[in-house]
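Asks: Okay, here's the structure, questions in a sec.
Values in this text are rule-based calculations from the coordinates and carry no lab data. These figures come from a predicted structure and were not determined experimentally. Note that we place each Cβ from the backbone using ideal geometry, even for glycine, and neighbour counts take in every protein chain shown.
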Amino acid sequence: MRFGRPRRIGRAIAMLVIVAGISATVRAVWSNGLFSSTPVGFLGSCKVVGTVPGVQDIEAANGTAFVSVSSARGPSADDGIYAISLAGGALRKLAGGPRDFHPRGIGLYRTPDGKGLFLMAVNKRSGGASAGAGAINNNGRFSIDSFEVTDPAGTPALVAQGTIEGGMLINPQDVAVASPVSFYVANGTAGKNPLLHIPQTYGVIPGGNILYFNGMSFSEAVDGLYGTRSLILTGGGTHLVVGGLLSRSLTSFSREPFTGALTEAGNLMLPAGPEKLSLDAQGQLWVAGHANLSDWRAANADPAKRAPSQLFRVTLLNGVPQDKEQVYGNDGGELSGASVGISAGKTLLIGSSLDGRLLNCTQ
């Protein structure tokens with residue numbers, strides 16, 4: 001009897017399994033920044049201008065910052081959309097939000113005449129209840145809720161426009177608004193197979209995608225991404241920049257405005273996993289990120305633990321990220337695990353979904 005060939009095949013298979021395991025481990029260590037640390041420093045000063053359950057995202061228009069508020073640790077009655085003047089003032093919750101409203105990422109759309117302002121929000125409902133009138137599908141916990149913002153430069157309020165659901169909204173994190181009826185959505189993970197959830201969550205295999213809603217239905221614009229947590233339209237809508245929490249990078253896609261199709265245009269690696277993106281009046285990106293995701297996850301699990309905070313300024317050329325510079329960094333004592341920052345002149349607003357404090361920093 002011959003046993004040599006089966007044994008050789010068995011050894012080859014075992015070797016492939018070992019190599020695959022080592023590769024997966026190396027990938028997970030790098031994706032999560034397990035040996036990375038946050039440089040500390042900021043050439044300015046900060047003060048607390050609001051206390052909320054947690055800051056998920058910030059967008060600005062007409063001299064007002066719109067703040068998406070909900071904690072990463074669970075829903076609160078204080079969740080919703082808030083506003084604060086960039087010239088100074090108090091943070092206040094806007095009227096007009098739905099009853100079961102716990103927003104994640106938000107996006108703004110200004111009408112061409114500059115008079116109209118629309119806001120869309122990723123809503124993670126607490127119980128997966130009915131979304132009400134205007135829903136595309138009524139079987140999910142997630143939705144994209146749209147609003148008109150009245151009196152945006154004065155006393156803004158929300159007027160509900162509709163709610164959009166769909167089975168492709170697996171784990172939506174952020175929305176970028178292309179028109180009053182069309183938008184892109186970042187799915188952090190897009191697979192429905194529970195066996196793949198853990199390797200996708202830790203960046204061993206890709207699991208994120210970008211969806212496009214054309215006013216009628218969802219389609220997949222890009223797949224095979226690692227931990228997509230954020231996206232933003234730049235260059236007047238010619239490019240979409242996507243932040244990969246687990247790829248530790250920003251990827252720019254050129255955009256076909258009529259079909260919404262995306263084509264990769266460039267990539268910039270970062271020393272941290274980006275969580276949320278914002279754009280300033282000079283066309284520069286501001287990126288909040290996490291150098292070591294184990295610190296961030298530990299702070300998420302235990303509020304007594306503090307995660308470092310980082311904020312980068314990124315320059316763009318023809319819609320493609322070019323260079324990065326860390327502007328703000330602390331060890332978590334001032335703000336734990338910053339999720340978003342936005343710049344207006346010498347003012348920086350910085351918030352975290354893990355921390356109840358919204359900071360107003362002067363550069």
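Asks: May I ask for log10 I(q)/I(0) of segment 149-290 at q = 0.09, 0.19 Å⁻¹, from a Debye sum over the Cα atoms as equal point scatterers with solvent left out?
Replies: Debye intensities relative to I(0), on a log10 scale: -0.28, -1.15.
Asks: Given the rule -39500 (n - 2.57) for each run of at least 4 DSSP H residues, summed and divided by the residues of the chain, what is its mean residue ellipticity at 222 nm, to the nearest 500 deg cm²/dmol?
Replies: Theoretical 222 nm ellipticity from helices: -3500 deg cm²/dmol.
Asks: How about segment 99-128: which trypsin sites (Lys or Arg not before Pro) there lie in a loop by DSSP and see at most 11 other Cβ atoms within 10 Å?
Replies: Arg99, Lys115
Asks: Per residue Cα convex hull volume for segment 6-53, in cubic angstrom?
Replies: Here the figure is 102 Å³ per residue.
Asks: Report, by chain and number, residues whose modeled amide H sits under 5 Å from the one on Asp57, excluding near sequence neighbours (fewer than 5 apart, same chain).
Replies: For Asp57, whose amide H was placed from the backbone, the distant partners under 5 Å are Ser68.
Asks: Tell me the relative contact order for the chain as a rounded percent, counting alpha carbon contacts under 8 Å between residues six or more apart.
Replies: 17
Asks: Could you list, in their original order, any pairs among Lys47/Lys346; Lys47/Lys115; Lys93/Lys192; Lys124/Lys346; Lys305/Lys346 whose Cα atoms are separated by more than 24 Å?
Replies: Beyond 24 Å between Cα atoms: Lys47/Lys115; Lys93/Lys192; Lys124/Lys346; Lys305/Lys346.
Asks: DSSP loop (so not H, G, I, E, B), at most 11 other Cβ within 10 Å: list which chymotrypsin sites (Phe, Trp or Tyr not before Pro) in segment 223-313 pass both filters.
Replies: Listed in order of number, the matching sites are Phe258.
Asks: Let me ask something else. For the pair Asn193 and Ser85, what calculated FRET efficiency results from E = 1/(1 + (r/R0)^6), where r is the Cβ-Cβ distance and R0 = 45 Å, to the nearest 0.05?
Replies: 0.45
Asks: With only alpha-carbon atoms in the gyration tensor, what are the semi-axes of the equivalent ellipsoid for segment 261-325, in Å, largest first?
Replies: 27, 13, 10
Asks: Test of understanding: in a Gaussian network model of the chain with alpha carbons linked when under 10 Å, which of Ala77, Ala61, Ala28 would top the mean-square fluctuation ranking?
Replies: Per the Cα network of the chain with a 10 Å cutoff, Ala77 tops the list.
Asks: Give me D for the chain in µm² s⁻¹, whole number, from Stokes-Einstein with Rh from the Kirkwood sum over alpha-carbon pairs, 4 °C and 1.567 mPa s.
Replies: In µm²/s, the coefficient is 62.
Asks: Apply the Kirkwood formula to segment 320-363: the hydrodynamic radius equals the inverse of the mean of 1/r over all pairs of different alpha-carbon atoms; give it in Å with one decimal.
Replies: Taking the inverse mean of 1/r over all distinct Cα pairs, segment 320-363 comes out at 11.4 Å.
Asks: Still on this structure, please answer the following. What residue among Phe118, Ala60, Ser339 has its Cα farthest toward the positive end of the dipole of the chain, where the charges are +1 on Lys, Arg and -1 on Asp, Glu, each on the Cβ?
Replies: Ser339
Asks: Sticking with this one: If I model a spin label at Glu325 and Ala344 as a point 7 Å from the Cα along the Cα→Cβ vector, what separation in nanometres do I get?
Replies: For Glu325 paired with Ala344, the spin-label model returns 2.2 nm.
Asks: What is the spin-label model distance, in nm, from Ala12 to Ala77 if the labels are put 7 Å beyond Cα along the C-beta direction?
Replies: Here the modelled spin labels are 6.7 nm apart.
Asks: Moving on to the next point. Suppose R0 equals 30 Å. What FRET efficiency, 1/(1 + (r/R0)^6) with r the Cβ-Cβ distance, do Val26 and Asp223 give to the nearest 0.05?
Replies: For Val26 and Asp223, the calculated efficiency is 0.80.
Asks: How charged is the neighbourhood of Pro303? Take every other residue with its Cβ under 10 Å from the Cβ of Pro303, and add Lys/Arg as +1 and Asp/Glu as -1.
Replies: Computed value for this residue: +1.
Asks: Sticking with this structure for a sec: Which angle between 0 and 90 degrees, to the nearest 10, do you get for helix 4-31 versus the longest principal axis of the chain when only C-alpha atoms count?
Replies: Value to nearest ten degrees: 20.
Asks: If you find the alpha carbon centre of segment 177-215 and of segment 44-101, how far apart are they in angstrom?
Replies: A separation of 25 Å, based on Cα centres.
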